[in-house]
Amino acid sequence: MKTYGIIAAFDSPAQLMEAAKQMRTAGYTHFDCHSPFPIHGMDEAMGLKRSPVGYIVGGMAALGATIGFSLQTWVSTSAYPLVISGKPFFSWQAFIIITFALFVLFGAFGAVIGMFRLNRLPRLHHPLFYSDAFARVTDDGFMVSVESGDAQFDEEKTRAFLASIGGQNIEVIRGEG
C-alpha cells in the first residue's frame, strides 16, 4: 500500500497554530492544517503566500471589458455603420453598459475557474479520507497533515517530530494507488 502522509491531532486552535509555525521552521513545505473553522493568522503561521486569484480576476475582467468595447466599436464603425439620429458611428457612451457587463462576467468566470484550478479541483476523493480519525475535523478536531511528497518527509522522523511538538493520535495514511 502506498503511503500518502501522516496526520496528527492537536487539542486547540492555539496548539495547531504553534504546530504550523514549528512545521514551517523545521523546513516542511507540503503540510496542511485542518480545523472545523477558519483560524485567523494561520496563513502567516504556515508561511503561505497571498493568493493569485485577485490577479486572475483582474486580468479576466480587463479582457472582458476590452472584448466588449472592441466588438461594439468594430460593429458600429466598420461592420454595420448606421447613422442613427445623427449620432457619430463611434459613440462610446452607449458602449459602457455592455463593456461593464462583460467586465463583471469575465471577472466572475476568472474567479471560479481560477479558484478551481489553484485548488486542484475537482478531486472527488482525497487520501486523508481513508482515516476515520480525520472525520473529527468537521466537528471538533484540529489536525496537521504532512504529505509524503515533502522533501523532509521520513516516516519515522516525521512521526517523532509531530510527537515532539504535541501531536496526538499520530496516524500514517496509507491507501491504494
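The values are calculated or read from the model by the stated rules, or taken from the named source; none is laboratory data. Note that the structure is predicted; figures quoted are calculated from it, not measured. Neighbour counts are summed over all protein chains in view; Cβ atoms, including those assigned to glycine, are modelled from backbone coordinates with ideal geometry.
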Legend entry - Selection count, segment 134-147, where residues are closer than 15 Å to L16 by Cα, surrounded by 15 or more Cβ atoms within 10 Å (Cβ to Cβ) and not hydrophobic (A, V, I, L, M, F, W, C): 3
Inset, instruction - Go through segment 35-64 and count every residue that is surrounded by fewer than 18 Cβ atoms within 10 Å (Cβ to Cβ) and not in a helix (DSSP H, G or I). - result: 12
Legend entry - Checking F90 against (1) surrounded by 10 or more Cβ atoms within 10 Å (Cβ to Cβ); (2) aromatic (F, W, Y); (3) out of contact with any helix residue (DSSP H, G or I) (no Cβ under 7 Å at 6 or more places or on another chain), the condition it does not meet: (3)
Inset, instruction - Inspect all residues belonging to segment 46-67 and state whether any of them is in contact with a Cys (Cβ under 8 Å, 6 or more places away or on another chain) and at pLDDT 95 or above. - result: yes
Legend entry - Members of segment 148-171 found to be surrounded by 15 or more Cβ atoms within 10 Å (Cβ to Cβ), out of contact with any Phe, Trp or Tyr (no Cβ under 7 Å at 6 or more places or on another chain) and not basic (K, R), listed by number: F153, T158, F161, L162, I165, I170, E171
Legend entry - Residue satisfying all of: in segment 98-152; in the same structural domain as L63 (by TED's automatic domain parsing) and β-branched (V, I, T); farthest from the chain's Cα centre (by Cα) among these: I98
Inset, instruction - Return yes or no: is S131 closer than 30 Å to L71 by Cβ, of a type in the set (S, T, Y) and surrounded by 12 or more Cβ atoms within 10 Å (Cβ to Cβ)? - result: no
